[in-house]
Amino acid sequence: MRHRAALLAEARAFFAEHGYLEVETPVLARAGTPDAQLAQFALKDPVLGALYLQTSPEYAMKRLIMAGSGSIYQITKAFRQGESGRFHNPEFTLVEWYGLGYDHWRLIAEACALIARLVPSLGAPARIVSYREAFRHALDIDPIETSTDQLRAVAHKHLPTAQNLVLNDRDEILDLIMSHAVAPGFPVEALTVVTDYPSSQASLARLNVQGLADRFEIYRGPLELANGFYEAARGEEYAERFADEAAKRRERGLPRIDQDQRLLAALSEGDLPDCAGCALGFDRVLMLAMDATHIDEVLAFPIAQA
């Protein structure tokens, strides 16, 4: 607990030094994320109707930015279903921040500096590779151009248990390959930053002139620590991408999620100010700082004892 408290204080000092305002947003809200990759905890209130434990404070923080907050950060609890294991707990601590006037490159530098401050052994310069380069280096395949059938064969080769999975969604296949065949080759002595994701994995990141997503993920060895975007700005983009994710949920037979109409309403009145945002898994960083091998070691009450 003392180590956690010390690192939380260090993180807050970092953001204060960089001019960020600490904010709080609801962990229980009327809207969830339509992201088909995320399983959310949904509640039914007899008066208020559907409520969702938040997987991220992103939407509420963007509403604050639209209201003129400036650069902001938050250290909060987030919740995701079906996530329990060595590096996962259904309730976890997330550090999320948005730098106004930032692009993703500037935010990458800041995120790596924060991680190095919390875990000094990771202070070496980060290795930055594109998503395409990472796949080519590990498997000699192009994840953008390779057919879905070929990618499925790669997944079956490198992940024997995938033989029993129905692998029809291209991005699900790519995620499996990344986690089981690409990321395990990343060095443990320094951070690896993966950039330029396929447009189908843009989420709410901007698309660049190459048609790739201006998003990044930060790894230490195979362990993902953070992900971030050069944030899309136009309300039309948000509405389109929310609709795309809702369609994916229907195709996969997943529950319908109420979308954040208040965010869409705010964006209908003007673009999101130019900014980049990042979400950092604090518990995983604490694991590295304490040389822990299981997330339960850094939680006072892991889910088995909650």
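What are the ³J(HN,Hα) values, in whole Hz, obtained from phi via the Karplus relation 6.51 cos²θ - 1.76 cosθ + 1.60 with θ = phi - 60°, for each residue of region 214-222 in sequence order, with x given for Gly and Pro?
In residue order, the calculated couplings are 7, 10, 9, 10, 10, 10, 10, x, x Hz.
For Ala304, put the label point 7 Å out on the Cα→Cβ axis and report which residues of region 73-102 keep their amide N under 14 Å from it.
Those under the cut-off are 84-90.
Obtain the nm distance between the two label points defined at Asp271 and Val209 by a simple spin-label model: each point lies 7 Å from its Cα along the Cα-to-C-beta direction.
The modelled label-to-label distance comes out at 1.7 nm.
Taking H as built 1.01 Å from N, whose amide H comes closer than 5 Å to the amide H of Ser130, not counting residues under 5 places away?
Those lying under 5 Å, H to H, from Ser130 are Thr195.
If I stretch the segment between Leu8 and Val188 completely, what's the gain in nm (0.36 nm per residue apart, minus their alpha carbon distance), one decimal? Let's see the in-between values first.
On the way: separation 180, 0.36 × 180 = 64.80 nm, distance 2.34 nm.
Once the chain is fully extended between Leu8 and Val188, it gains 62.5 nm.
To the nearest 20 debye, what charge dipole does the chain have about its Cα centre, counting +1 at the Cβ of each Lys and Arg and -1 at the Cβ of each Asp and Glu?
Taking the Cα centre of the chain as origin, the dipole is about 500 debye.
For Leu264 and Ala16, what does the FRET efficiency come to when R0 = 30 Å and r is the distance between their Cβ atoms, rounded to the nearest 0.05?
Working: r = 32 Å, r/R0 = 1.07.
Efficiency, from the Cβ-Cβ distance: 0.40.
Ignoring everything except DSSP H segments at least 4 long, calculate the 222 nm mean residue ellipticity for the chain; use -39,500 (n - 2.57) per segment, divide by total residues, nearest 500. The partial results should precede the final answer.
On the way: 9 runs with 102 residues, N = 306.
Counting only the DSSP helices, I get -10000 deg cm²/dmol.
Subtract the Cα-Cα distance of Ser69 and Leu43 from 0.36 nm times their separation in residues, and report this length gain in nm to one decimal. Present the calculation step by step, with values, prior to reporting the outcome.
Working: separation 26, 0.36 × 26 = 9.36 nm, distance 2.99 nm.
Extra length available between Ser69 and Leu43 comes to 6.4 nm.
GNM on the chain, C-alpha springs below 10 Å: top fluctuator among Gln81, Gln54, Gln40?
Gln81
Can you match P(r) over Cα pairs in 20 Å bins from 0, in percent to one of these, [x] 31, 63, 6; [y] 23, 43, 24, 10, 1; [z] 32, 57, 11, 0, based on a calculation from the structure here?
Matching the structure shown: [x].
Residue by residue through region 280-290, which ³J(HN,Hα) values in whole Hz follow from phi under the Karplus form 6.51 cos²θ - 1.76 cosθ + 1.60 (θ = phi - 60°), with glycine and proline marked x?
Per-residue couplings from phi come out as 10, x, 5, 4, 5, 5, 4, 4, 5, 5, 9 Hz.
Quick check: convex hull of the Cα atoms in region 80-126, volume per residue, rounded to a whole Å³?
On the way: hull volume 5.5 nm³, N = 47.
Per-residue hull volume (Cα only) is 116 Å³.
Return the aspartates and glutamates within reach of Lys77: Cα separation strictly under 13 angstrom, same-chain partners fewer than 8 residues apart disregarded; answer none if there are no such residues.
Reachable aspartates and glutamates: Glu24, Glu58, Glu91, Glu96, Asp283.
So how much slack lies between Lys157 and Arg136, counting 0.36 nm per residue of separation and subtracting their Cα-Cα distance, in nm?
Values: separation 21, 0.36 × 21 = 7.56 nm, distance 1.62 nm.
Taking 0.36 nm per residue and subtracting the Cα distance, the gain is 5.9 nm.
Output ³J(HN,Hα) for region 207-212: one whole-Hz value per residue in order, computed from phi by the Karplus curve 6.51 cos²θ - 1.76 cosθ + 1.60 with θ = phi - 60°, and x for Gly and Pro.
With the stated coefficients, region 207-212 comes to 9, 8, 5, 7, x, 9 Hz.
Determine which residues of region 55-88 fall in the zone a paramagnetic label at Asp291 would reach in this model, i.e. backbone nitrogen under 20 Å from the point 7 Å along Cα→Cβ.
Zone members listed by number: 87.
Find the relative contact order for the chain and round it to a whole percent, using C-alpha pairs within less than 8 Å whose residues are 6+ positions apart.
23 percent
Amide H to amide H, which residues 5 or more places from Thr55 or on other chains are under 5 Å from it, using H placed in the peptide plane?
Answer set, sorted by chain and number: Thr33, Phe79.
Just so you know, all these numbers are worked out from the coordinates, no wet-lab data involved. Worth saying up front: this structure is predicted, and the values here are computed from it rather than measured. Neighbour counts run over all protein chains shown; Cβ positions are idealised from the backbone, glycine included.
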